[in-house]
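One structure is given here, and the rest of the page talks about it.
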Amino acid sequence: MRAIDPAGAEKTIESRLSALQANMDGLFAQVPFASHSMAPDGTFLSISEVELNWLGCTREELIGKKRFTDFLTEASRRAFAQATRTGAQGIDNLELELMDRSGALRAVSANVSRLSPTPAGLRLVLFDMSMQKRIRERDRIAAIAFESSAGICITDPRGRILQVNQGFRELTGYAADEVKGRDLSFLAVAGKDPLAERAAAVLSKGGHWRGEIVGRYKDGTAASLWMEMTAIADHGEAPIHLVVMFFDITSNMASRAELVRLALYDTLTDLPNRRFLQEQLHHVLSIDARTGAHGALLFIDLDNFKSINDTCGHDVGDQLLVETARRLAHAVRESDTVARLGGDEFVVLLEALPAGEAVAAAEARVVAEKVLMALALPYQLINQEFRCTASIGIKMFTGAESMPDLLQHADLAMYQAKKGGRNSLRFFDPSMQTALLFHVAMERDIDFAVKCNELQIFFQPQVVRTGAIVGAEVLLRWHHAERGFVPPADFIPLAEETDLILTIGYWVLEAACLQLKAWQDDPCAAHLTLSVNASARQFLQTDFVERVTQIVQRHQIDPAMLKLEITESVLLNLGDARAKMASLRALGVGFSIDDFGTGYSSLSRLTELPLDQLKIDQAFVHKIAADAPDLNIIQAIVGLAHSLGLEVIAEGVETEEQKTFLEEHGCAIFQGFLFSPAVTIDAFNGLLRGGARALPGQRKSPSMLGLDHGPLHEEVVGVRGFEPPASTSRT
Ligand code: C2E
Ligand code: MG
Ligand code: MG
């Protein structure tokens with residue numbers, strides 16, 4: 001019997017074991033899953049080729065150096081530690097996530113067994129689960145999508161419903177059992193959409209269809225549905241399913257309609273807005289251009305909307321506009337368009353008026369009169385009665401006109417209606433356009449004149465009974481490069497419509513003060529006062545007092561020599577006029593009320609104001625000897641002025657007779673062609689020094705004096721009965 005060598009036996013066993021291990025490793029290297037064994041400290045003892053590939057490492061980098069857990073995500077590391085801690089002999093299907101050296105993840109399922117003898121390492125066999133995981137994920141997404149709020153149903157190859165989702169049930173109100181086996185036709189409003197045929201077509205050809213349909217729910221409600229059908233084929237074979245998905249877009253349609261409404265209709269009155277009107281007008285013009293039919297555009301503007309809106313608040317204003325819109329819509333035919341342009345401006349577009357221009361215009365007039373009457377009726381708002389008339393401008397058209405012109409012409413006619421007294425209508429006529437163009441050109445020219453020193457001041461003497469010059473009125477003259485002499489009456493009212501009058505007004509004031517300053521040291525002229533016309537617009541400026549004060553102080557003149565002429569219109573809107581006059585009066589500046597008798601200022605107003613002088617309007621003066629009642633007016637005016645302690649001056653005195661009459665009735669100062677027209681400063685200084693005296697009683701006509709058109713001259717003209725001046729400056 002052979003004796004056993006224990007050491008040799010152990011060696012043999014060990015070598016067999018390692019051969020077995022090597023065999024096993026070799027075996028595992030062949031199989032399509034990964035495997036490795038690891039020492040009790042977690043380091044790799046052996047590893048299969050597959051796993052080396054998965055990890056992107058070489059065997060040398062791993063064996064005895066790296067641990068398996070180094071390649072696990074944090075969550076997997078925890079799961080692995082927990083699973084192996086229990087000491088169980090084997091763990092199946094432990095789901096882990098491997099992370100290769102580049103950080104890419106791979107889902108694996110691990111079967112863990114223990115190597116013996118203990119304390120022994122572990123052997124892991126890893127199966128790649130990426131594909132399964134992806135499939136599971138896709139199924140999960142599909143399931144979520146299927147249960148989305150969209151309605152989804154799946155049909156068989158014949159288009160019969162197999163399955164519906166929750167969204168379908170909620171939207172349509174049908175339970176799954178009620179629709180299973182049916183074709184899609186019940187989903188559409190009968191006769192509105194061939195849904196079943198559509199489904200059949202998609203199924204037979206494969207592919208896709210999408211579009212809007214009018215659907216019907218179980219309770220009978222119709223709805224706009226956006227539907228998409230997709231055929232699902234099995235491995236490229238004939239379609240086996242149809243997936244139908246739909247959304248309820250009824251509210252989108254409603255909001256789309258709302259957007260259209262907002263874009264084309266006025267939100268307050270629900271009337272068509274400017275854009276709608278323009279589109280409609282464009283359409284009508286193109287028809288009329290072909291047919292020669294007549295149309296009319298009525299431009300309507302409320303007369304006193306602004307004051308109602310300002311005084312009673314915007315709510316009342318809004319109610320008034322809504323009521324206006326209602327009345328307008330009621331006053332015209334249904335085929336006519338009533339639009340609101342904005343604010344209190346409305347337009348009525350009358351189409352297809354009777355043939356013949358005159359007849360069409362007569363018809364338009366009838367409608368416009370009806371509108372005027374409807375709008376003039378009292379408005380009952382917030383338990384109060386309001387009255388708000390309208391002005392209408394009418395532009396007739398036949399399709400040959402441009403749209404902007406039409407609106408502009410109708411607007412212009414409306415403006416004329418307003419100017420000519422409210423609650424009335426005007427037809428556009430081309431002369432309005434000419435006047436407008438002139439107006440625009442003139443405005444531009446005035447601006448130019450101010451900037452290019454084309455303005456000049458002239459001086460018209462003011463004399464006392466004896467003929468002595470006691471002052472002058474400053475009157476503006478404009479040397480227009482092409483038009484020649486432009487009288488102030490032609491441009492001052494225009495300038496008054498814009499802020500140009502302010503520029504002009506202060507320019508004149510500066511020039512007048514400059515002159516007063518020049519006279520201040522001249523013994524012949526130091527006693528002269530200068531009257532400067534102040535426009536109402538200028539006077540109403542909040543900084544009027546400040547500006548005048550600054551100018552007076554800058555030129556260091558005696559304010560008592562300056563007189564501002566204001567018209568009665570200023571006093572009509574008294575506002576802070578009294579305070580302004582008082583401030584300037586305190587400075588020493590005087591006030592004269594110009595053109596007196598032509599306005600409507602009340603006597604009580606006159607007594608309240610710090611006036612110095614009252615200027616009888618030339619209209620009364622010219623009637624002297626012709627009209628007895630007006631003579632009484634002159635007497636009354638003079639009497640009134642004296643009772644208020646005011647100085648009286650008469651303007652426009654042209655004859656001896658007028659002067660004598662005025663003198664006899666207590667008027668002390670005169671201004672007019674009888675003495676001199678307005679002349680240049682040089683001519684005026686000549687007058688002052690008694691040059692070229694006029695013969696007593698000889699009246700100088702404007703033409704003799706060079707006042708008529710033609711270049712302005714600087715000729716020295718005589719002042720009748722010139723005598724040494726008497727001071728009229730205030731004390
Ligand atoms: P107004 O202030 O009433 O000026 C008197 C107008 O009567 C002046 O006309 C003057 O030339 C004219 N006139 C003077 N004597 C006679 C006469 O005997 N017979 C006749 N028929 N007319 C006479 P003008 O210079 O054409 O000025 C017209 C108006 O223009 C002025 O009326 C005044 O309202 C305005 N104006 C003139 N200059 C200015 C100015 O600097 N600023 C402002 N705001 N308005 C001015
Ligand atoms: Mg005046
Ligand atoms: Mg006047």
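The values are calculated or read from the model by the stated rules, or taken from the named source; none is laboratory data. Keep in mind that what you see is a predicted model, and the values were worked out from it rather than measured. Backbone-built Cβ (ideal geometry, glycine too); neighbour counts: all protein chains shown. Protein only, heavy atoms only, side chains kept; ligands, DNA and RNA dropped before computing areas. Shrake-Rupley method; radii C 1.70, N 1.55, O 1.52, S 1.80 Å.
Is at least one residue of segment 33-40 within 19 Å of LYS133 (Cβ to Cβ) and of a type outside the set (S, T, N, Q)?
At the first step, the residues of segment 33-40 found to be within 19 Å of LYS133 (Cβ to Cβ) are 33-34.
Then keep just the ones that are of a type outside the set (S, T, N, Q); that gives 33-34.
The answer is yes; a qualifying residue exists.
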Residues being at pLDDT below 90, of a type outside the set (A, V, I, L, M, F, W, C) and closer than 30 Å to ALA331 by Cα: count how many of those fall in segment 226-282.
3
Among the residues of segment 430-449, what is the count of those that are under 23 Å from ARG365 (Cα atoms) and open to solvent by 60 Å² or more (accessible area, probe 1.4 Å)?
2
Out of the residues in segment 206-234 that are more than 23 Å from ARG169 (Cβ to Cβ) and touching a residue at least 24 places away in the same chain (Cβ under 8 Å), which is surrounded by the most Cβ atoms within 10 Å (Cβ to Cβ)?
ALA231
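If only one of SER569, SER583 is within 16 Å of ligand 2 (Cβ to nearest atom) and either touching a residue at least 12 places away in the same chain (Cβ under 8 Å) or in contact with a strand residue (DSSP E or B) (Cβ under 6 Å, 6 or more places away or on another chain) (or both), which one is it?
Details: SER583 fails: within 16 Å of ligand 2 (Cβ to nearest atom).
It is SER569.
Kindly indicate which of SER569, SER583 is more than 19 Å from PHE661 (Cβ to Cβ) and either modelled with pLDDT under 90 or within 16 Å of ligand 1 (Cβ to nearest atom) (or both). Give the derivation first.
Details: SER583 fails: either modelled with pLDDT under 90 or within 16 Å of ligand 1 (Cβ to nearest atom) (or both).
Unique residue meeting the criteria: SER569.
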Some residue of segment 521-535 being part of a helix (DSSP H, G or I) and either surrounded by fewer than 18 Cβ atoms within 10 Å (Cβ to Cβ) or more than 16 Å from ligand 3 (Cβ to nearest atom) (or both)
no
Please go through segment 151-202 and give me each residue that is without any contact (Cβ under 8 Å) to a residue 60 or more places away in the chain, acidic (Asp, Glu) and surrounded by fewer than 20 Cβ atoms within 10 Å (Cβ to Cβ), ordered by number.
GLU170, ASP177, GLU178, ASP183, GLU197
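Quick grid of which residues meet (1) open to solvent by 80 Å² or more (accessible area, probe 1.4 Å); (2) among the acidic types (Asp, Glu); (3) in a helix (DSSP H, G or I):
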{"residue": "LEU320", "(1), (2), (3)": "no, no, yes"}
{"residue": "GLU323", "(1), (2), (3)": "no, yes, yes"}
{"residue": "LEU328", "(1), (2), (3)": "no, no, yes"}
{"residue": "ALA339", "(1), (2), (3)": "no, no, no"}
{"residue": "GLU351", "(1), (2), (3)": "no, yes, no"}
{"residue": "ALA355", "(1), (2), (3)": "yes, no, no"}
{"residue": "GLU363", "(1), (2), (3)": "no, yes, yes"}
{"residue": "VAL366", "(1), (2), (3)": "yes, no, yes"}
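On the given criteria, is LYS517 at pLDDT 95 or above, under 27 Å from GLY639 (Cβ atoms) and of a type in the set (D, E, K, R)? Can you show your working first?
On the way: at pLDDT 95 or above: yes; under 27 Å from GLY639 (Cβ atoms): no; of a type in the set (D, E, K, R): yes.
So LYS517 does not fit the description; no.
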Which of the residues that make up segment 638-668 are outside any loop (DSSP other than H, G, I, E, B) and open to solvent by less than 10 Å² (accessible area, probe 1.4 Å)?
VAL638, ALA641, VAL648, ILE649, ALA650, LEU662
Please specify each residue of segment 475-489 satisfying the condition of being within 16 Å of ligand 2 (Cβ to nearest atom) and surrounded by 15 or more Cβ atoms within 10 Å (Cβ to Cβ).
LEU475, LEU476, ARG477, PRO488
Of those in segment 456-473 that are within 14 Å of ligand 3 (Cβ to nearest atom) and under 53 Å from the mean Cα position of the chain (by Cα), the residue farthest from LEU614 (Cα to Cα) is GLN460
Unmet requirement for LYS180, which otherwise passes all of (1) within 18 Å of PHE146 (Cα to Cα); (2) touching a Leu at 6+ places or on another chain (Cβ under 6 Å)
(2)
Name the single residue, out of those in segment 536-550 being modelled with pLDDT of 95 or more and open to solvent by 60 Å² or more (accessible area, probe 1.4 Å), that is nearest to ligand 1 (Cβ to nearest atom).
ARG547
Of the numbered conditions (1) open to solvent by less than 60 Å² (accessible area, probe 1.4 Å); (2) more than 21 Å from HIS409 (Cα to Cα), PHE346 satisfies every one except a single condition; which is it?
(2)
What tally of residues in segment 494-517 results from selecting those that are open to solvent by 60 Å² or more (accessible area, probe 1.4 Å) and in contact with a helix residue (DSSP H, G or I) (Cβ under 9 Å, 6 or more places away or on another chain)?
5
